[in-house]
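The values are calculated or read from the model by the stated rules, or taken from the named source; none is laboratory data. These numbers were taken from a predicted model, which means no experiment stands behind them. Using ideal geometry, Cβ is built from the backbone for each residue, glycine included, and neighbour counts are taken over all protein chains shown.
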Amino acid sequence: MARWRCPSTRKSEPIDHSVPGERLDESASPREWAVRCEGVSVNFGAVRALHNVCLALEQGRIHALVGQNGAGKTTLARVLAGLQMPDIGEVHILGRPIQGGNVRAAQAAGLAMVHQHFSLPPSFSVAEALELTATKGGGAPIYRRRELERRWLAEVAGSCNVSSLSTRIRDLPVETRQSLEIVRALASDARVLLLDEPTALLTPSATDSLFDRLQILRDTGVTVLVVLHKLREVAAIAETVSVLRDGEMALGPVETATTPQGLISDAIIGEGHYESADVAGQAVATGVGRRTHLLMEEVSSKDSAFERGLKNVNLRIDGGETVGIAGVEGNGQRSLVSAVAGLTRIEGGSIRIGESEAAASSPARRRMLGLRLVPFDRNTEGVSRSASLWLNQSALRLIGRRQGDSPIISTRRYREHARKALERWKVRYESVTQPAGSLSGGNIQRLILSRELSDGTEVLVAAQPTRGLDFAATEFVRRSLGELRSAGAGILLVSSDLDELFELSDRLLVMLGGEVVARFVPPYDRRAVGDAMTGARR
Amino acid sequence: MEQILATTLRSAAPLALVALAGVFAFRAGIFHLGLEGLMITGAFVSVAVGDATGSVAVAILAATAVCMALSVLFWLVIEPLRANVIIAGLGLTSIGLGGTAFALAAVYDTRGSIRTDIALPRPVRGVNEGFGVIFSELSLLVWITPLIVFLAWVTLRRSRFGLRLAAVGEYPFAARSVGINPSVMRLKALLIAGALCALGGAELSVGALSSFTENMTAGRGFIAFVAVIFGAWHPIGAALAGLFFGFAEAVGIQSQINISESVPREFVLMIPYVLTIFAVWLGGLRRRRSLEAEAGYAELREPD
Amino acid sequence: MTGRLSQAAVTVILVAAAFGVVALIMGISGYSVTEVFSGSLQGAVTAKGAPSSTVRWAIPLFLIALGVTIGFRAGFFNIGGQGQFYVGACSALAVSLGWRTGPGVLVILLGTLAAMASGAVWSFIPGYLRVRFGTDEVLTTLMMSFIGMLVLQYLTAGPMRNPAGSGQTAASERIPDAYRITGSSGVSLTVLLIVGVTAALIWILLERTRFGLRVDLAGRNATMARWQGINVRRVGLASFVLAGALAGLAGAVELYGPAARLVTGFSPTVGFNAVVVALVGLLSVPGVAAAALFFGGLQSAVLFLPIVSDLPPSALVLLHGTVALLVTIRVRAKRRVAAA
């Protein structure tokens, strides 16, 4: 069997897998790849999630798939599991082709997936949940509960710390739930186990026992593909690692043991030139007589379902200063922005916007104090897609009390105001009455900026302001942030694009697990920042 | 006393059957507000067909078929065509109420009611003393209602089908991730619900009275829906809630007859509704809908 | 604007489809569709007294549908208009029967305010449970509706029953003529003024105040509204209260106008029909007015029809149901992708 290569591989890195064909020459029975996909592309509307992805993984080993959020890891995992139909491309599991997005076909071929946020219905008992997801076994359409529990007890015993199979899923601790997911995946005799970010919600010790478990499985011949965030974990568990960046394979499967970590983190973060020092120099020059625009002291908040809470975060942003927040997504960035915006209650600490203590203030009051927000997801948090452009543009004028406002407003004035603002921000639109959802992503972001960068901006919180935008729109947004900073506002920039952070930030903070774990000043050391983000260095 | 017991059982059986229908729909994630319409359709068709063919069995089969066909229509509208399930369900109720009244006028040329000679068999007859009176008044459907409840319980709580249905209603992602098509499961649930509504309606018309009157369900479909919530969308819970509401109805009828001044009958009839509000509130029942749960109405209508 | 127009076109087509279905059923049942159609036209528009009858039936539909509109715009399924309408009418009746010697204007004013307040309370309860605890408002408004029906039934059969009335249906005493704002036709300058001013106020509130724009944003995308600093709960609660007050007002107008007394279970489907009217009117005040006139005309036509054809009034219920079944259908261009 020849060394397999993706027909369209354009990577300079050598594909450094020891080839099964060579190893198996003696047996003369060609062994199939555990997972093989060719030219897989997935688009969500205009957003490109995966582009021409090729991947081939050997059997019987532990493979890692890494990449930043939005790089397409979960989408690729779903394609493999048959949950997501690829636009084009082929997927083979253990040599069997999986016809477009068919979960059962993937299962029949021997692949089972453990989902990031788990897929067991919370109100089900353990036995019921296992029975639901079992593709075989059981057999009889009607069961008796005790018999069901007895049958599954054998499967669960030893691998999973469940006291009773009548316990409800929602009452189980996270790690038990996850080991259950693995049990149910293996109960269908899966030969390929796919885990999507299994460590995201686990404590370090639970992570360790998960890894032990995976190694035992590997020793029994199961192929494991695990999506991970932290390089430390990759090094601890995976034999090969593949990197996705912007929907493309940035690094083919390479042996973890022989590949320097720096190469991997470069592949994750991406190369590319960046300037940083000159921007910082300006900040000092204009910094005469400036004051603090945002001050957070010892701010803590609770964990939410999908996101770490904050742990004693301290943060100060002065006028004319941009502070960048780097970090792998899910490490508290969202909690940070929510805390500043007043969308979640904080447990302790103080938040000052301008001269005013705002920790107990309503979101509206904070807006009145000069807080401006570019939310993470422009389509759900930034605009109402069905509402008109002018209404979206005017949203900030709808809150608070203003002196001298008549109770009846002139929507014509609102429209006129919106039209001017949209034109000033070069939004391409036909009519201010068209719905915001009809604009392209870049224009929606311009619409949001036109609203948020209005007069009286004390501090702007910009969360992923350029995600998914094309080159021109990205440049436009970055330039606007720069101008706002020159005008004396404070900017908190949360981004997963390190180039952007390096280019725009006067200081850079790295968040990990809800804490600020490292602080950097220009010139930034990409390697050091990357290590801090992935927890390679604490 | 015997009278109240007999009336309770007779009133409770159709409520329990239709409540079971609601449980099936609810388990699949559908707020089924069309129960009333299906129920009255079942009541009408069984009288009309029974009268025409003289066969109770054919009557019940026809009622079941018509209600299942309407359920398919409902499914088409809410699933492939993605109409709003609440509005469409209320629409189905109006179609049932209006359609049966219309058919009554069009076919029988009457605005009131029609009688038929056929009736469901009454297994226990001719006992005219003591508690025997209670049983002699009950139709076959009332007798087998406990069996149907049991079957529904087995189907929903002790079968793989029931597990899959519950997964679809509670957490469609879980269902999809194991290769279940939620839309098809909802169709199955609605078909079962349609059949159960037909039985409930048939008991009301050919079971208890051997007649059909315009608007004779009088909100029982909604009461049954309340029983679903009240019974925590468990088949036995819903059936017991149906029994309780049947009792309330019996007491209401009795107090109407007796003109007891102490507790107005309307207040007795209010109890289920007030209790339901409490149950829904305390149970923390959030929006559990088959369609996008949180988006506002306009965003729902958006063609994307 | 094109979006609005195409939406209107889709709605018109769906309503026409519902008409087609019902016409087909009528045809199969042996009614002459043309006869029914011309009879409807007479009953709704051309016959003597038809226009005022159309308006008379459109008024309660319109007022309740305005409330439904506010609720839907704010993103809530407040479908309890029927109960709010009933308790409003009952409160108005209580005021006018309780203060039989009062000056007409004052009693009517007081009664109307009482009606609006009680309707608002009836709607506030589910609204508060919804915004505070997330309790499903479809169920609670429905339950409050049934309770409202029973309240009406209790009052008309008990404390407010007309002792001289016949035993058949429970009905209240008639209110004195001094407390009426229309004759039995249900249309007078006063009523038109009340409805017109209300409609204008609601239109201004929704389209020309910051509150109205907040309602719009919060209803379309509550998440976005929260990010913008809008207090979504407060907006939601206000929408419930307003909806209840409008349905209560409809009850008062019905009593002081054409009804003059309350009969148990009167206008039993007006609450549901108002939901249909609001949806067909695309949740805009002028649209709802047009839809209310249209369905009011149908109501009037059905009452007129026995004169020319023997079509039963239930055909209208059937039609309403079919419209409701179809009106929220969404024409989708794309299939949804599998997403979490």
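Residues that are facing chain A (nearest Cβ under 10 Å) and touching a Phe, Trp or Tyr at 6+ places or on another chain (Cβ under 8 Å) within the range B:139-164 comprise B:Thr155, B:Arg158, B:Ser159, B:Arg160, B:Leu163, listed in sequence order.
Scanning the range C:36-51 for residues that are assigned to a helix (DSSP H, G or I), surrounded by 15 or more Cβ atoms within 10 Å (Cβ to Cβ) and in contact (Cβ under 8 Å) with a residue 60 or more places away in the chain turns up C:Val36, C:Gly39, C:Ser40, C:Leu41, C:Gln42, C:Gly43, C:Ala44, C:Ala50. Restricting C:Gly196, C:Gly148 to residues that are more than 12 Å from chain B (Cβ to nearest Cβ) and in a helix (DSSP H, G or I) narrows the list to C:Gly196. Restricted to the range C:241-340, the set of helices (runs of 4 or more DSSP H) holding at least 1 residues that are polar (S, T, N, Q), within 11 Å of chain B (Cβ to nearest Cβ) and free of Cβ contacts under 8 Å to residues at least 60 places away in the same chain comprises C:314-327.
For the range A:358-386, a tally of residues being more than 9 Å from chain C (Cβ to nearest Cβ) and either surrounded by 23 or more Cβ atoms within 10 Å (Cβ to Cβ) or more than 17 Å from the chain's Cα centre (by Cα) (or both) returns 9.
Of all the numbered requirements in (1) of a type in the set (A, V, I, L, M); (2) within 14 Å of chain A (Cβ to nearest Cβ); (3) surrounded by 19 or more Cβ atoms within 10 Å (Cβ to Cβ), B:Ile223 misses one, and that requirement is (2). The set of residues from the range C:206-232 being surrounded by fewer than 22 Cβ atoms within 10 Å (Cβ to Cβ), assigned to a helix (DSSP H, G or I) and facing chain A (nearest Cβ under 8 Å) comprises C:Glu207, C:Arg210, C:Thr223, C:Arg226. Within the range B:177-212, the set of residues being surrounded by fewer than 22 Cβ atoms within 10 Å (Cβ to Cβ), more than 30 Å from A:Ala106 (Cα to Cα) and hydroxyl-bearing (Ser, Thr, Tyr) comprises B:Ser210, B:Ser211.
Candidates in the range A:143-160 are the residues that are surrounded by 12 or more Cβ atoms within 10 Å (Cβ to Cβ) and of a type in the set (A, V, I, L, M, F, W, C); of these, the one that is farthest from the chain's Cα centre (by Cα) is A:Leu148.
Across the range B:202-228, the qualifying residues are those that are without any contact (Cβ under 8 Å) to a residue 60 or more places away in the chain and in a helix (DSSP H, G or I), and the one among them that is nearest to B:Arg27 (Cα to Cα) is B:Val226. The set of residues in the range C:16-31 that are of a type in the set (Gly, Ala, Ser) and surrounded by 14 or more Cβ atoms within 10 Å (Cβ to Cβ) comprises C:Ala17, C:Ala18, C:Ala23, C:Ser29.
Just give me the residues in the range C:160-179 being within 14 Å of chain B (Cβ to nearest Cβ) and either closer than 20 Å to C:Gly119 by Cβ or buried (at least 21 other Cβ atoms within 10 Å of the Cβ) (or both), in sequence order. Across the range C:160-179, the qualifying residues are C:Met160, C:Ala170.
No other residue among C:Phe37, C:Phe62 is under 20 Å from C:Ser284 (Cβ atoms), of a type outside the set (Gly, Ala, Ser) and away from chain B (no Cβ under 14 Å) apart from C:Phe62. Among the criteria (1) touching a helix residue (DSSP H, G or I) at 6+ places or on another chain (Cβ under 7 Å); (2) acidic (Asp, Glu); (3) modelled with pLDDT under 95, the one B:Glu36 does not fulfil is (3).
Scanning the range B:56-105 for residues that are in contact (Cβ under 8 Å) with a residue 12 or more places away in the chain, more than 23 Å from C:Val327 (Cβ to Cβ) and at the interface with another protein chain (Cβ under 10 Å from one of its Cβ atoms) yields B:Ala103, B:Leu104.
Does A:Phe520 satisfy the criteria of being without any contact (Cβ under 8 Å) to a residue 24 or more places away in the chain and in the same structural domain as A:Gly309 (by TED's automatic domain parsing)? Here the answer is yes, as A:Phe520 does meet what is asked. Filtering the range A:105-116 to residues that are at pLDDT 85 or above, over 20 Å from A:Ile88 (Cβ atoms) and at the interface with chain B (Cβ under 9 Å from one of its Cβ atoms) leaves A:Gln107, A:Met113.
For (1) surrounded by fewer than 19 Cβ atoms within 10 Å (Cβ to Cβ); (2) under 28 Å from A:Pro204 (Cβ atoms); (3) in contact with a helix residue (DSSP H, G or I) (Cβ under 6 Å, 6 or more places away or on another chain), each residue gets a yes or a no:
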{"position": "A:Gly490", "(1), (2), (3)": "no, no, no"}
{"position": "A:Leu498", "(1), (2), (3)": "no, yes, yes"}
{"position": "A:Leu509", "(1), (2), (3)": "no, yes, no"}
{"position": "A:Leu512", "(1), (2), (3)": "no, yes, no"}
{"position": "A:Pro523", "(1), (2), (3)": "yes, no, yes"}
{"position": "A:Asp531", "(1), (2), (3)": "no, yes, no"}
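Among the residues here, C:Gln7 qualifies as within 14 Å of another protein chain (Cβ to nearest Cβ), of a type outside the set (Val, Ile, Thr), surrounded by fewer than 21 Cβ atoms within 10 Å (Cβ to Cβ) and touching a residue at least 24 places away in the same chain (Cβ under 8 Å). Against the criterion of being within 14 Å of another protein chain (Cβ to nearest Cβ), surrounded by 23 or more Cβ atoms within 10 Å (Cβ to Cβ) and part of a helix (DSSP H, G or I), A:Arg415 does not qualify. When residues in the range C:57-98 are screened for being part of a helix (DSSP H, G or I), closer than 18 Å to C:Gly212 by Cα and of a type in the set (Gly, Ala, Ser), 3 of them pass.
List the residue pairs whose Cβ atoms are under 6 Å apart, where the first residue sits in the range C:172-196 and is β-branched (Val, Ile, Thr), the second is loosely packed, with under 14 Cβ neighbours inside 10 Å, and the two are 6 or more positions apart or on different chains. If the second residue must be loosely packed, with under 14 Cβ neighbours inside 10 Å, no pairs are left. Considering the range A:455-538, the qualifying helices (runs of 4 or more DSSP H), each wholly inside and each with 2 or more residues that are within 22 Å of the chain's Cα centre (by Cα) and over 18 Å from A:Lys230 (Cα atoms), run over A:471-486, A:498-504.
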